[in-house]
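Have a look at the structure below, then the notes.
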Amino acid sequence: MKAWIRIAALLSVMGTGAQAQGMDFTSLLTGAAADLTVGGLVDRFEGAGNDLISKAQNAGSAVAFVAGTQALTALSAFEATAGSLLNRSLKGLSTQQYDFFQNTALVLQRAQDGAQDSLFQAEGLINQAGNLAQLLPTVKQVAVVSSYRQVLAPPPPAAAPELALAFNGYGFGFGEATLNLGEVSFTARPSTSGRLEFLVPVMALTFGDDRLSYLTGTLILREPVPRTVGERIADALAGRKQSLRERAFDVRYVLLPRRLGTYAIEATYGTTKAVSETRTQFVGFNSDNAEQACTTANVQVRSPDRSILSNPTFTETSYNHGRGGVINLTAKGFQVEACASGHGRKLWGGRYEGYSHQRVNWVETWDAPVTEAFRKDATLDWNTEVPLDLPTSTEKWRLTFTTFEGKTLIADNAADLDYLSVGYNPATKLVVLRPRPFWGH
């Protein structure tokens, strides 16, 4: 079956899974006009890829930005190696070339559909995008970038003051390469290893504190000017050096922030709180005995867990040949003694009553069980393990982790979240936050 027929047949099936929103990237192939050239198809893919990247940057989607850029890098490699194929119709595509466009469409579709995913989850997609150019043949006398690391991480303070920005491909041995980032240019010596490396001062890169930032630039490679066999023989006989031309590749980077994110941990725990109650009791005693007589009233705390806070006091006292007082005071109770005696003589006999009237007041205190709240907010660094000691009587807790991508993740027990492993020891109530290994850092 010819490659073009396979494209129409297989990608029409792929197109049935198009998303309700966003672009159906498979239509770049299935909807291509019959007279479209291969170069025109590349332009269609590049236009759609650039649109995806622009929207991704505006929306803060690093996944779509990185995967889309890798796809564009592979398309640039195809364009650099296609030669006269660019001017032919799509029917001239080989099976391998068809596979390349099919996979590129799939990568762009996955990048769009997974735009809200975290970078942590996107390793498979990024690897798939980085491998696109492996479907292309190697062409001599052409300089090609097949892939490069687009996620840059801020180095720790003690690290070297330079970052190595590397590119994979071939044809790097013809001349010096130049990497332009903003107003600054960097050069790399020719390389025959398939890897080109630039040492860029960290100070030349702007890493944010909390959010992603983006950087664009241009990589300029040198490759021989195409010459006929006769021209090359003439140059060799005349001792003329090989003429070089420049080939430019757009490069794009995502710069991770200096901090992984922020967290808030909340817990509820049981404890006790000192509470108190003021109590009162009236004690009265009357007597007409010639000799002083006394009575006692026993006062006890309401429950065994209570204690008397301070010495009881009397209010509303009234005495006539009488007295009152507190005796046998303990933490759990006391007695009120009231004494009185008769006095004088009544005309009809007997004595007038004496009395002792008083109201006693005291305060009881105890520890009542209550539930209290604990909360801690802080930032989280990339390489720092954070132990969090919760109160020993913690009943439940909740961690809210907000990543540098603005995504909020929740844990209320040991769990592996994007970028972060949450450990928990129920016996000691220790929560440990450990940044997880991340392919982009």
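The values are calculated or read from the model by the stated rules, or taken from the named source; none is laboratory data. All values reported here derive from a predicted model rather than from experimental measurement. Neighbour counts run over all protein chains shown; Cβ positions are idealised from the backbone, glycine included.
Report whether or not Arg247 is touching a helix residue (DSSP H, G or I) at 6+ places or on another chain (Cβ under 8 Å) and modelled with pLDDT under 95.
On the way: touching a helix residue (DSSP H, G or I) at 6+ places or on another chain (Cβ under 8 Å): yes; modelled with pLDDT under 95: yes.
So Arg247 passes the test.
Looking across Ala188, Ala267, one residue alone is surrounded by 12 or more Cβ atoms within 10 Å (Cβ to Cβ), of a type in the set (Gly, Ala, Ser) and in contact (Cβ under 8 Å) with a residue 24 or more places away in the chain. It is Ala267.
Applying the selection to segment 411-441, what residues are touching a residue at least 40 places away in the same chain (Cβ under 8 Å) and in a loop (DSSP other than H, G, I, E, B)?
Selection gives Asp418, Tyr419, Lys429, Arg436, Phe438, Trp439, Gly440, His441.
Test Thr216 against the stated conditions and say whether it is exposed (fewer than 12 other Cβ atoms within 10 Å of the Cβ), part of a strand (DSSP E or B) and not aromatic (Phe, Trp, Tyr). I'd like the intermediate steps shown before the answer.
Details: exposed (fewer than 12 other Cβ atoms within 10 Å of the Cβ): no; part of a strand (DSSP E or B): yes; not aromatic (Phe, Trp, Tyr): yes.
Taking the combined requirement at face value, the residue does not satisfy it.
Tell me the residue from Val200, Val225 that is over 23 Å from Gly60 (Cα atoms), of a type in the set (Val, Ile, Thr) and out of contact with any Phe, Trp or Tyr (no Cβ under 9 Å at 6 or more places or on another chain), please. Don't jump to the end; show me each part of the working.
Details: Val200 fails: out of contact with any Phe, Trp or Tyr (no Cβ under 9 Å at 6 or more places or on another chain).
Going through Val200, Val225 in turn, the sole match is Val225.
Select from segment 230-264 the residues that are touching a Pro at 6+ places or on another chain (Cβ under 8 Å), more than 30 Å from Pro391 (Cα to Cα) and surrounded by 14 or more Cβ atoms within 10 Å (Cβ to Cβ) and list them in ascending order. So that I can check it myself, show each step before the final result.
First pass over segment 230-264, keeping only residues touching a Pro at 6+ places or on another chain (Cβ under 8 Å): 242-245, 255-258, 260.
Okay, now just the ones that are also more than 30 Å from Pro391 (Cα to Cα), so 242-245, 255-258.
Scanning segment 230-264 gives Gln242, Leu244, Leu255, Leu256, Pro257, Arg258.
Among the criteria (1) in contact (Cβ under 8 Å) with a residue 40 or more places away in the chain; (2) buried (at least 16 other Cβ atoms within 10 Å of the Cβ), the one Val275 does not fulfil is (2). Consider Arg227 carefully, then state whether it is farther than 30 Å from Glu405 by Cα and either loosely packed, with under 14 Cβ neighbours inside 10 Å or β-branched (Val, Ile, Thr) (or both). No; evaluated as a whole, the condition is false for this residue. Among the residues of segment 341-378, just one is surrounded by 11 or more Cβ atoms within 10 Å (Cβ to Cβ), in the same structural domain as Pro426 (by TED's automatic domain parsing) and of a type in the set (Lys, Arg), namely Lys376.
For first residues located in segment 333-357 and without any contact (Cβ under 8 Å) to a residue 24 or more places away in the chain, partners that are surrounded by 15 or more Cβ atoms within 10 Å (Cβ to Cβ) and lie 6+ apart or on another chain with Cβ distances below 7 Å form the pairs His343/His321; His343/Arg351; His343/Gly354; Gly344/Arg351; Arg345/Arg351. Within segment 316-332, take every residue that is without any contact (Cβ under 8 Å) to a residue 40 or more places away in the chain and among the small types (Gly, Ala, Ser) and give me the one that is surrounded by the most Cβ atoms within 10 Å (Cβ to Cβ). If we take residues in segment 316-332 being without any contact (Cβ under 8 Å) to a residue 40 or more places away in the chain and among the small types (Gly, Ala, Ser), then Gly322 is surrounded by the most Cβ atoms within 10 Å (Cβ to Cβ). Taking into account only those residues within segment 393-410 that are in a strand (DSSP E or B) and of a type in the set (Ser, Thr, Tyr), which is surrounded by the fewest Cβ atoms within 10 Å (Cβ to Cβ)? Only one residue tops the list, namely Thr408.
A quick yes/no check of all residues on (1) more than 30 Å from Thr295 (Cβ to Cβ); (2) not aliphatic (A, V, I, L, M):
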position	(1), (2)
Tyr355	no, yes
Trp362	no, yes
Thr371	yes, yes
Trp382	yes, yes
Leu388	yes, no
Pro391	yes, yes
Lys407	yes, yes
Ala411	yes, no
Trp439	yes, yes
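Sort out which residues of segment 386-422 are farther than 26 Å from Pro155 by Cα and of a type in the set (Gly, Ala, Ser), and write them in order of number. Result: Ser393, Ala411, Ala414, Ala415.
Of all residues in segment 306-313, at least one satisfies being closer than 29 Å to Thr371 by Cα, in a strand (DSSP E or B), in contact (Cβ under 8 Å) with a residue 12 or more places away in the chain and of a type in the set (A, V, I, L, M).
With respect to Ala160, is the statement that it is exposed (fewer than 15 other Cβ atoms within 10 Å of the Cβ) and part of a strand (DSSP E or B) true? Judged against the criteria, Ala160 is not a match. Among the numbered conditions (1) assigned to a strand (DSSP E or B); (2) loosely packed, with under 13 Cβ neighbours inside 10 Å; (3) in contact (Cβ under 8 Å) with a residue 40 or more places away in the chain, the only one that Ala297 does not meet is (2). In segment 171-185, what residues are buried (at least 17 other Cβ atoms within 10 Å of the Cβ) and over 27 Å from Ala153 (Cβ atoms)? Within segment 171-185, Gly171, Phe174, Gly175 meet the criteria.
The residues of segment 379-388 that are part of a strand (DSSP E or B) and surrounded by 12 or more Cβ atoms within 10 Å (Cβ to Cβ), listed by number, are Thr379, Leu380, Asp381, Val386, Leu388.
Which helices (runs of 4 or more DSSP H) sit wholly inside segment 48-154 and have at least 2 residues that are modelled with pLDDT of 90 or more and in contact with an Asp or Glu (Cβ under 6 Å, 6 or more places away or on another chain)?
Details: elements: 62-82, 95-113, 123-130.
Where helices (runs of 4 or more DSSP H) fall fully within segment 48-154 and carry at least 2 residues being modelled with pLDDT of 90 or more and in contact with an Asp or Glu (Cβ under 6 Å, 6 or more places away or on another chain), they are 62-82.
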